[in-house]
Amino acid sequence: MMQTVVPSSHVSPAGLKAYLTANSWQLRDKPLPRAEIWERDSHEVLVPLNSEASDYPRRIRNFIEDIASQGGLSEEDVARELQYVEDDVINLRFEDARPYIPLVDASKILNGARDFTIANACSTLQRKSYHGRSRPPAARKYAETVGMGHTLRGSFIIPIVSPIGTMRPVLAESDQDPLLDVELESDYFPRRVTGVMADVLRQLQELAVERGNIPSADDLRQAVYGGLSADACAALAVMVSAPEVGDLDITLRWALTSAPPRAGGEYLRFPKESAGAIKEIGHILRNDVRISDTVLYGFVSSLDRDPDDNEGVVKVKALLGGRVRPVKMTLGPDDYHVAVEANDLKLRVVVAGTLYKSGTGVYSMPTVDLFRVDDYLPLQFRAVSSA
């Protein structure tokens, strides 16, 4: 029998445990010194904990063999499920009756996927109706990190893989303010980008496929605050129109080592004829909408509102220029309610608006266009008592 090999560098102990948790396995109470035993029904499987050990690849093969024999699966199926357990994956499936597609079409699809990724990485950092050549270094670097997975059999399926790893929730004492860590915030960037990509795809399905008419510039402004850009439209239109016939089907699969950004919209379809509407939306965004908002990710650090006022003043601690700085902003009643909830539960928030810096170095955001909980990340952040 041919042996199934999964590179040890691609499956960490955290990934193995996330896979088991997702498939209803439970950890035995008493772990071994360098391994854990997980149980389901009357079956057991051993999880190696030291990925640096010389026998770790062999332990992974044993793990796959045990899961396959106990679950009635082939070893190849288990290995395939484990392959991207720590990655967010966007599967692009192109329906086409031809036994192959010309390289020129394949090139259009891959270039479109790359441009779409870069556009949304830019929108993760700054909401703009059109990015053009303005591409922050972090967005360009992310484009070098995200990659194409093994092409799957059936139609033409290209997995776009964004390595996520394990995003652990941060715990803080109940009387302690949440802390922002520069390195951790950098680690969260890939998930935020795939979250924006998912949001943009859902918006375009609604705007270009489900609607019967092209939305106006005023209608599209709110979509830009949610991450949509002319650049993303142009890239998706290229991918949708590339195959000779058929549709573009997109499925979103989130890393098992982290909670998904949000429920719903995990399957989207863009018929070939929707390419024209997507292009037109992109033209409107580029020519008729002028938005350029700074995006902040941080924690609510203070709240101030008089009982008779609708608006309230909020300070958000966010990373600016590699340092944690407070940013003052005034919020309406709905956004203020979100800020209160985020402060109580110590949840991260994402804010988009016009950022100003005074002559004394004080940051403020007098115009706030987006304020919500940063639910691209795990929402398990919780306060624990000091007892």
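So here's what we get for this one:
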item	result
Breaking point among (1) touching a Leu at 6+ places or on another chain (Cβ under 7 Å); (2) of a type in the set (A, V, I, L, M); (3) closer than 30 Å to LEU204 by Cα; (4) surrounded by 17 or more Cβ atoms within 10 Å (Cβ to Cβ), for VAL327	(3)
Selected residue (only one of THR360, THR354 is among the β-branched types (Val, Ile, Thr), at pLDDT 90 or above and over 26 Å from the mean Cα position of the chain (by Cα))	THR360
Matching residues, the range 250-272, being modelled with pLDDT of 90 or more and of a type in the set (Val, Ile, Thr)	ILE250, THR251
Failed condition for ASN91, given (1) closer than 19 Å to LYS17 by Cα; (2) not in a helix (DSSP H, G or I)	(1)
Residues (assigned to a loop (DSSP other than H, G, I, E, B) and at pLDDT below 90) located in the range 123-145	ARG133, SER134, ARG135, PRO136
In the range 326-372, the residues that are assigned to a strand (DSSP E or B), over 15 Å from GLY298 (Cα atoms) and β-branched (Val, Ile, Thr)	THR330, THR354, THR367
Residues being open to solvent by 40 Å² or more (accessible area, probe 1.4 Å) and not in a strand (DSSP E or B) - total across the range 265-301	11
Flag if ALA68 is closer than 25 Å to ASP29 by Cα and part of a helix (DSSP H, G or I)	yes
Extreme residue, modelled with the highest pLDDT, among residues of the range 25-40 that are assigned to a loop (DSSP other than H, G, I, E, B) and out of contact with any strand residue (DSSP E or B) (no Cβ under 6 Å at 6 or more places or on another chain)	ARG34
Subset of the range 189-200 (residues that are surrounded by 22 or more Cβ atoms within 10 Å (Cβ to Cβ) and either over 9 Å from the mean Cα position of the chain (by Cα) or of a type in the set (Asp, Glu) (or both))	VAL200
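The values are calculated or read from the model by the stated rules, or taken from the named source; none is laboratory data. Note that the structure is a prediction, hence the values are computed from the model and not measured. With ideal geometry, Cβ positions are generated from the backbone for all residues, glycine too; neighbour counts draw on all protein chains shown. With ligands, DNA and RNA removed, areas are computed over all heavy atoms of the protein, side chains included. Shrake-Rupley method; radii C 1.70, N 1.55, O 1.52, S 1.80 Å.
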